[in-house]
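Step one of this worksheet: look at the structure below.
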Amino acid sequence: VMAIGLTIWGLRSDAIREADTDTGNIAVVLSEQLARSIQSVDITLTEIREHLEPKIDPAQERFDLKIRTPDIHSFLSERLARLTQADFIALVDRNGQLATTTRLWPTPKNNFSDRDYFQHFKNQNDTGIYISRLQVNRVSGTRMVFFSKRLTGVNDDFLGVVVTGIKLTHFESIYNSITRLRNQSFLMLRRNGTILVRHPDQIDRSDRK
C-alpha cells in the first residue's frame, strides 16, 4: 500500500511540474504576441504625436483648429491602416472634446474629459503610453481597451491626447489562436495587478485586483 501511495504521489508531483511548465510556456507565447501588438500601437501613436507637435502653435486656439482638418483626418486614417488590431484613431483636445476621429467625418461632438486616460495626461506630463481599463466605446458601443499618448505644447502645457482603441475581440482572438487554452483562462493585468481583460469569463472583472 505504501509503495502504491508513493508511486501515485510521485506521478501527481510530475504532473503538477509538467502543468506548471506548460502553463509558463503558454504564458510566454501569449505575452510575446501581446507585446508585439502593443509595440506597434506605441510606435504609431508616437509617430502621430511627432507629426503634430512640430506644428503646435503657442496659441492653443490655433492648434485646436489645426487638428480638426480633413488633412489630419486623412493622416490618421493612413496610420490606422497599419494597425489591423485597432478599431480607430482619434485626437481629443485639451478640453476633452473629440477633435478628429477616423471613424466618422465630419467628426461628431463628444466629450471624453471623464475618461481615465484624459485625466491621467491632463494632470501629469507623462511622455509614455497609457493603457486604460476595459471600457465601452461611446460611438460604437463596443468594449475595448484604449491606448493613448499626451500632446504637449512648447512650454509642456497640455494640448490634448492621441488615442486608439482595440476591441476586446482582438484579445479573445489571441486566446483562441492557441488550441491548448480551451480549458484555461486568459488574464491581462496592469502592473499594479488590476484586471484589464479576462477571457473566457461571463463576469466583467475589469478594475478588480
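The values are calculated or read from the model by the stated rules, or taken from the named source; none is laboratory data. As the structure is a computational prediction, the values presented were derived from the model and not from experiment. As a convention, Cβ positions derive from the backbone with ideal geometry for all residues, glycine included, and neighbour counts pool all protein chains shown. The accessibility values were calculated without ligands, DNA or RNA, using every heavy atom of the protein model including side chains. Shrake-Rupley method; radii C 1.70, N 1.55, O 1.52, S 1.80 Å.
Filtering the stretch 99-125 to residues that are outside any loop (DSSP other than H, G, I, E, B) and either open to solvent by 40 Å² or more (accessible area, probe 1.4 Å) or in contact with a helix residue (DSSP H, G or I) (Cβ under 8 Å, 6 or more places away or on another chain) (or both) leaves Ala99, Thr100, Thr101, Asn111, Gln119, Lys122, Asn123. So which residues in the stretch 61-98 are open to solvent by less than 30 Å² (accessible area, probe 1.4 Å) and either over 23 Å from Ile166 (Cβ atoms) or hydroxyl-bearing (Ser, Thr, Tyr) (or both)? Residues satisfying the conditions are Phe63, Asp64. Does Met144 satisfy the condition of being in contact with an Asp or Glu (Cβ under 8 Å, 6 or more places away or on another chain) and open to solvent by less than 50 Å² (accessible area, probe 1.4 Å)? Answer is yes for this residue.
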